[in-house]
1. Starting from the amide H of C:Leu131, placed 1.01 Å from N in the peptide plane, find each other amide H under 5 Å away whose residue is 5 or more places distant or on another chain.
2. Taking the Cα centre as origin and putting +1 on Lys and Arg beta-carbons and -1 on Asp and Glu beta-carbons, what dipole magnitude results for the stretch C:59-160, to the nearest 20 debye?
3. By counting other Cβ atoms within 10 Å of each Cβ, how are C:Asp128, A:Asp32 ranked from fewest to most?
4. Contact order normalised by length for the stretch A:33-97, with contacts defined as Cα pairs under 8 Å and 6 or more residues apart; what percent is it?
5. Just want to confirm a number: the relative contact order over the stretch B:6-140, from Cα pairs under 8 angstrom separated by 6+ residues, in percent.
6. Counting only other chains, what is the mean number of Cβ atoms within 10 angstrom of the Cβ of each residue in peptide D:42-54?
7. Kindly state, to the nearest 0.05, the FRET efficiency for C:Arg91 paired with B:Ala81, given R0 = 56 Å and r defined as their beta-carbon distance.
8. Using a basic spin-label model with each label point 7 Å from the Cα along Cα→Cβ, how many nm lie between C:Glu100 and D:Met59?
Amino acid sequence: MSTFAEYAISAMLIIGGVFTLIGAIGLARLPDFYTRLHGPTKATTVGVGAIVISSVIYFSTLGRGIGIEEILITAFLFMTAPISANFLAKAAMHLEVRTSEKTRGQTWDQ
Amino acid sequence: MKSNTVILHTAALAIMPLQLMFSVFLLLRGHDEPGGGFIGGLVAASAFVLYAFAFGAEATRKLLRVHPKDLLAAGLLFGLASTIPALLSGQAMLTAHWWELPLPGDSYLKLSTVLVFDIGVYLAVLGTLMTFVIGLMEVEG
Amino acid sequence: MLDRLRFPHPWLSLTLFVMWQFLSDGISGGSIVLGLILAWIIPLMTQGFWPDPPTLLKAWKTPAYLLRVLWDIVVASVDVARLILSPREPRPMFICYTLELKDPLAISILASTISLTPGTVSADVSDDNTLLLIHALDAEDEQEVIDTIRNRYEKPLLEMFQ
Amino acid sequence: MMLTALYITIAMVTLAALLNVYRLIKGPDAPDRILALDTLYINAIALIILLGITLKTRMYLESALLIAVMGFVGTVAMAKYLKRGSVIE
């Protein structure tokens, strides 16, 4: 394996790990449900995306070709993350989950 | 229809074909690699369940075209059929038999009693789960 | 029987067929036969439920849009990461956004885009598909967020779906 | 060097999973718990891919895809249950 590929894989792995961790820190630390929703939808999805890219590079340098599975996983995560977030937000609005005092604007429930 | 489900409708329509294709993929590669009828049936059932979330019970029934119990029965029949070749050739029941169909492009379509049995499991799992789901829908009214 | 042998959604069929070739480890006679069967049956099963066929009038604009969204997703994650790690309290806000788009598919794409891009999650679409409720994680000014979304995402989508 | 990066990443994702478990236990509301579960399964996908790289095999990628498919349906089902009190109308 070339040195360049090794550096690229290592960098992607670390970036993925950092984003996943930050998403989880956001989930644990932010004040109310709606703000917590932001961590997993963005940071965690991008984190897994970076890890998948490193996996693609690794297996293609091993000469096993580019697998469709990795692409399917990424496409699936990027398609489903916003939809899950949307559904959880709807459920939270229905249950009238407490929002932090600093929140401006109104929710609605229908 | 129920209050806004625009996003779920689009999501179900975009994701369901992918799930169905993935389920067939899992079903077919089951003989020599991980996968198989059971997990393929589960993924297919999850596709139909997602569809039921988005469009309700009636539409799902229409999509399936046959009653889920018939799927279950068809699955069991496939399982039974996979035992017949072995019995006819006087071997122990469920002994695997293989046939290779030549196809253009120097490749073979591998058919086997294992595949028939796997299709049976696939249909049985799909039928069972859809019977559950449609049964629960009827209870809730 | 013969009149059923058609492809109601050619693009969906093509995507499924190509994807099947990749899944089955290289192109062979068997994978082409099975791919054709799947690309025929799956769209046929779901065709009755697609809303009026989405008319992507300017399909060649899609890659540019996708690239822009992809780039924004990366920027968005860095933004959110910085905010999560800084000790400052976020300033969340709910925003009502009036939609100009009419096509259900376009609305879904816009909502998903908003969820994946800087500091905003789309929380709900109103019953009549005219309003979008957005939760912004750290917003200075309501109008600013609305303008960004309108110019950056809704305009290109409006051009694509007419 | 790649191996070191791999181990550091595995440690970070595991830590992330532990933080998600903390949110899962603490709540305070049902949507928070579902959100934590949702993030937890995405972390599980990341861990499976990392395991595949460590063991130099692509065998596990299907299970990661499977978790992605099933996890999404599960999250939607739970969110729908909270909203309506029933999963399918």
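Readers should treat all values here as calculations from the given coordinates under stated rules, not as data from a laboratory. Every value quoted in this text rests on a predicted model; they were computed, and no experiment measured them. Cβ atoms come from the backbone with ideal geometry, glycine included; neighbour counts cover every protein chain shown.
1. Under 5 Å from the amide H of C:Leu131 lie the amide H atoms of C:Leu99, C:Ser126, each far enough along the sequence or on another chain.
2. Numbers: 9 positive and 16 negative charges, 86 e Å.
The dipole magnitude comes to about 420 debye.
3. Placing the least packed residue first, the sequence is C:Asp128, A:Asp32.
4. 46
5. Numbers: 180 pairs, mean separation 39.2, N = 135.
Contact order relative to length: 29 percent.
6. What the average comes to for D:42-54 is 5.
7. Details: r = 66 Å, r/R0 = 1.18.
Efficiency for this residue pair is about 0.25.
8. Here the answer is 5.5 nm between the modelled labels.
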